[in-house]
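What follows is a set of notes on a single structure, which appears directly below.
The values are calculated or read from the model by the stated rules, or taken from the named source; none is laboratory data. Predicted model only: the values in this text are computed from it and were never measured. Here the Cβ is made from the backbone with ideal geometry for all residues, glycine too, and neighbour counts use every protein chain on show. Protein only, heavy atoms only, side chains kept; ligands, DNA and RNA dropped before computing areas. Shrake-Rupley method; radii C 1.70, N 1.55, O 1.52, S 1.80 Å.
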Amino acid sequence: MSAPTGLHLESLTVRRGTDVLAQLNLTIRPGEVLTLMAPSGAGKSMLLQALIGALPPGFSASGHIVLNGRKVTGLPTAARRIGLLFQDDMLFPHLSVGQNLQFGLAPGGSKAQRRSRIEQGLAAAGLSGFAARDPATLSGGQRARVALLRALLAEPQALLLDEPFARLDANLRAQIRQATFDATRNLPVILVTHDQSDAVAAGGPVLSLFGQPVSP
Amino acid sequence: MIKALPRLGLALFTLPMLGGLVVGFVPAFSGGFAELAGWPGLPRAVALSVGTGMGATALSLLLTGLIVAMLHDRPAFAPLRRMLSPLLAVPHAAAALGLAFLLAPSGWIARLLSPWATDWQQPPDLLTLHDPMGLALTLGLVAKEMPFLLLMALAALPACAPAQRLVLGAALGHGRLSAFAVGVWPPLYARLRLPVMAVLAYGMTTVEMAMILGPGLPPTLSAQIAGWLTDAGLRHLPVASAAAIVQLALVLAAMGLWRVAEGAGRAGLRYHIGRGRRAVWADAPARLAAMGLGFGLAGLLALSLAGLGLWSVAAEWRFPADLPQSLTLQTWARALPALGHSLWLTAVIAFGATGLALGLVIASLQFEQSHGLVPDRWAERALYLPLLLPQIAVMPGVQVIALHLGVEGTALAVMVVHLFFVLPYVFLSLAPAYRGWDSRLGVAAATLGAGQTRIFWHLRLPMLLGPVLTAAALGIAVSAGQYLPTLMVGGGRVGTLTVEAVALSSGGNRRLIGVFAVAQLALPAVAFALALAVPRQVFANRRAMLAERGR
């Protein structure tokens, strides 16, 4: 029997001290977008930090995370192959756009192959010729596209979205959101938001941090 | 276990200092105290040490407070800060030499006033330098330490929310000085206390500044100890050691006295608040004093350094001419072989000590970050130990240890001892930026599959290029300026620029002194210039990196 695909959370529980912030027991199939809605400060971001294995001191997690049949609980962040897009684009300010993408691009391939993959990615994102640019000179929408492209070039097996559209204005927001969901059709995705339109656009189940359905 | 490692490292780091202290005190007990008690200069030397040290510290702190209170958010502050910041890199010896050139009876000030105002055709017979009260020494200390305290205060200021509290005070009818004293000064001073104590310890025990500017018979206690220690043969070792114990006790007592004075200051502030005084009248004179004294001191130091440069290229320069009759590079040309050797030695020691310090500091900060350790307050205090312990009390013992290890008189031993004084400055300079690095960038990189090593070498370290270079420049300046450790551990045979310049100061060859003092200035100046220029060049096309540097 082939390993089950998708992201499985088995009784994943996140605590601050002894307070339970989130408890989830569910599966997200590739191409499915699970939306988690909760008020600010309820621990949405901490759940994502638990998923990538970067909980700050004072927080703890129990339960299991299984990704495409691979148990990733206990692995360091870099080995989990779970991508994360933050509210801020988190582009490295001392690197050019191209170098940012090179940093993200999964290892392997010749220098020329790597460069051409980045050029292709930029072209597909409507950013041809941007490789040498200083990220600080890009518009908000362009930076968001580069951040998404960088996350995908790392070839993650799941993608987490921590309100990545919150800083964009309404027009741009719909556009970038669509681009993101289009690009992640074969990945399990968790979207954390408190924005109704994000939840509707995601088109998947909308749950609370304890797995109860929430009407968007 | 892992959490104890930073403390363990610091213990290893502070032990040689304390060891030096203990070892250096041993000879005192073979008759040293009796000999010291019989020295007629003792009361005066003690009074000079306490008076110049505490006086200079109080004046520096007062002036720092005035400038921050009255000017920190005013347009006049930018030029003042631009003038004062580079002066921080000036070694104490060079500043003192420049000031001596300015103040001496045949110095620039007397020349500018003669003969039209004074009628002097010959240098007057006045003790404007080496005055028995130590006024020239106090002035030199204030000119050198005030910029240090000011920059420390500016670094701590944002945490004290000055803008809100000054507005609040003004809304309650307080004058600006009063609002500052009541609302901003108490938390600011709490953050300044350790630097102030370091200034106090240095001011009371400086050797090179006391030799160049201070009185002669008797000199300050520390200058006398240094004289005894460097006396050929070791016959003065017991009395020097006993005096070093007295000097350490004096510093500790002065620190205690300082704490008492802090209490008195707090009581005064409470009285001021309790009476409901607003002291609006004080603002105009306070602003005037801050402007006048701030720019006055900065101008004095700038003029001092210019004087050093001018003397180094002066051909004939008779009293009372304002400027040399002609200029020449002859002094430089003749000094070049010796100068080149000294410069090389100074640079090797400074780069070595700074490189080691940077490695240790970055390793410990990275360790702290990767293990999620919170900064340890006690560990940070211990880091100040080399700045708080008077060098004159520590170095004799360190010299003995170096002798026993057979490394006395080697550049390597000098480099290792410099490390102890360089490391605290490098740490204090780099730690805020290192800890302040946006760790979310590291998390973002990890989700892209980057391990800790890659994050460190490709993200954190390159992004901190500016702060790292600034810390390195500070380290180089500290090492290049060390006098007593170089003299003692080097056994007088490691002739760095500072050692040579101070040695020349007792002779009268102003041109040669100028050459060595300018060379001594040049090394830190180049280091700081590079620390500014290199990130600007590297990040010329990275706007966000340049913006961060503008802080």
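For the segment A:91-103, counting C-beta atoms of other chains within 10 Å of every residue's C-beta and taking the mean gives 4. The packing ranking, built from the mean of other Cβ atoms within 10 Å per residue, places the peptides B:67-73, B:47-53, B:452-458 in the order B:47-53, B:67-73, B:452-458, highest first.
Classification of chain B by its C-alpha gyration tensor yields a rounded form. The axis ratio a/c (a ≥ b ≥ c) stays under 1.5. The stretch between B:A47 and B:L112, if pulled fully straight at 0.36 nm per residue, gains 20.0 nm over its current Cα-Cα span. Taking every protein chain into account, the accessible area of the stretch B:1-132 amounts to 48 square angstrom per residue (probe 1.4 Å). Less than 5 angstrom separates the built amide H of A:V214 from those of A:V206, A:L207, A:S208, all sequence-distant by 5 or more or on a different chain. Using the Cβ-Cβ distance between B:D438 and B:E316 with R0 set to 56 Å, the FRET efficiency from 1/(1 + (r/R0)^6) comes to roughly 0.40.
When only alpha carbons are used to place a centre, the stretch B:478-551 and the stretch A:54-99 end up 45 Å from one another.
Protection proxy ranking for A:74-82, B:216-224, B:350-358, A:9-17, using the average of other Cβ atoms within 10 Å per residue and placing the highest first: B:216-224, B:350-358, A:74-82, A:9-17. Residues of the stretch A:130-149 that bury at least 40 Å² of accessible area when the other protein chains are present, relative to the chain alone (probe 1.4 Å, heavy atoms, ligands and nucleic acids excluded): A:D134, A:A136. Leaving out ligands, DNA and RNA, what percent of the accessible area of the protein assembly as shown is carbon and sulfur, probe 1.4 Å? Result for the protein assembly as shown: 65 percent of the exposed heavy-atom area is carbon or sulfur. If you sort the three axes of the alpha carbon gyration tensor as a ≥ b ≥ c, you get a/c of 1.5 or more for the stretch A:92-153 and a/b above b/c, which makes it prolate. Based on the reciprocal of the average 1/r between different C-alpha atoms, the Kirkwood radius for the protein assembly as shown equals 30.0 Å. Interface of A with B. Using a 1.4 Å probe and counting protein heavy atoms only, the two chains hide about 2100 Å² of accessible surface, both sides summed. FRET efficiency for the B:D376 to B:V534 pair, using the beta carbon distance and R₀ = 35 Å, is estimated at 0.60. With a 1.4 Å probe on protein heavy atoms only, tell me which residues of the stretch A:65-84 lose at least 30 Å² of accessible surface in the complex relative to the chain by itself. Buried by the other chains: A:T77, A:A78. Find, among the trypsin sites (Lys or Arg not before Pro) in the stretch A:104-140, those assigned to loop by DSSP (not H, G, I, E, B) with at most 13 other beta-carbon atoms within 10 angstrom. Those that pass, being in a loop and sparsely packed, number zero. Under 5 Å from the amide H of A:R133 lie the amide H atoms of A:V97, A:G98, each residue being 5 or more positions distant or on a separate chain, with H modelled from the backbone and absent for Pro and chain starts. Using the 1.4 Å probe convention, the accessible area of chain A works out to 43 Å² per residue with neighbouring protein chains retained.
Per-residue mean of foreign Cβ neighbours for B:536-544 is 4 (Cβ atoms of other chains, 10 Å radius). Starting from the Cα of B:D231, move 7 Å in the Cα-to-Cβ direction to define the label point; list residues of the stretch B:19-39 whose amide nitrogen is under 17 Å from there. Those under the cut-off are B:27-39. Rounded to 0.05, the FRET efficiency of the B:V167 and B:R193 pair, given R0 = 22 Å and the Cβ-Cβ distance, is 0.25. Taking a point 7 Å from the Cα of A:K71 along the Cα-to-Cβ direction, the residues of the stretch A:10-43 with backbone N closer than 14 Å to it are A:10-12. Secondary-structure-derived ellipticity at 222 nm for the protein assembly as shown, considering helices only, amounts to -20000 deg cm²/dmol, per-run term -39500 (n - 2.57) for DSSP H runs with n ≥ 4. Take each residue of peptide A:52-63, count the partner chain Cβ atoms within 10 Å of its Cβ, and average: the result is 2. Taking the average, over residues, of other Cβ atoms within 10 Å as the packing measure, peptides A:120-128, B:188-196 rank B:188-196, A:120-128 from highest down.
Each residue of the stretch B:371-380 is assigned a 3J(HN,Hα), and the resulting list reads 9, x, 7, 7, x, 8, 4, 5, 4, 5 Hz, derived from the Karplus form 6.51 cos²θ - 1.76 cosθ + 1.60 (θ = phi - 60°), x at Gly and Pro. Calculate the length of the line joining the C-alpha centroid of the stretch A:134-153 to that of the stretch B:157-177, in whole Å. Measuring centre to centre over Cα atoms gives 42 Å.
Each residue of the stretch B:351-365 was assigned a 3J(HN,Hα) from its phi angle through the Karplus expression (A = 6.51, B = -1.76, C = 1.60, θ = phi - 60°), giving 5, x, 4, 5, x, 4, 4, 4, x, 5, 5, 5, 4, 6, 5 Hz with x at Gly and Pro. A loss of 50 Å² or more of accessible area (1.4 Å probe, protein heavy atoms, ligands and nucleic acids excluded) relative to the isolated chain is seen in these residues of the stretch B:412-455: B:R440, B:L441, B:V443, B:T447, B:L448, B:R454.
Across the stretch B:420-434, rounded Karplus estimates of 3J(HN,Hα) from the backbone phi angles (6.51 cos²θ - 1.76 cosθ + 1.60, θ = phi - 60°) give 5, 8, 6, 4, x, 5, 4, 5, 4, 6, 8, 4, x, 5, 5 Hz, Gly and Pro being marked x.
Prolate is the label for the stretch B:432-551, because a/c, from the alpha-carbon gyration tensor with a ≥ b ≥ c as root eigenvalues, is 1.5 or above and a/b exceeds b/c.
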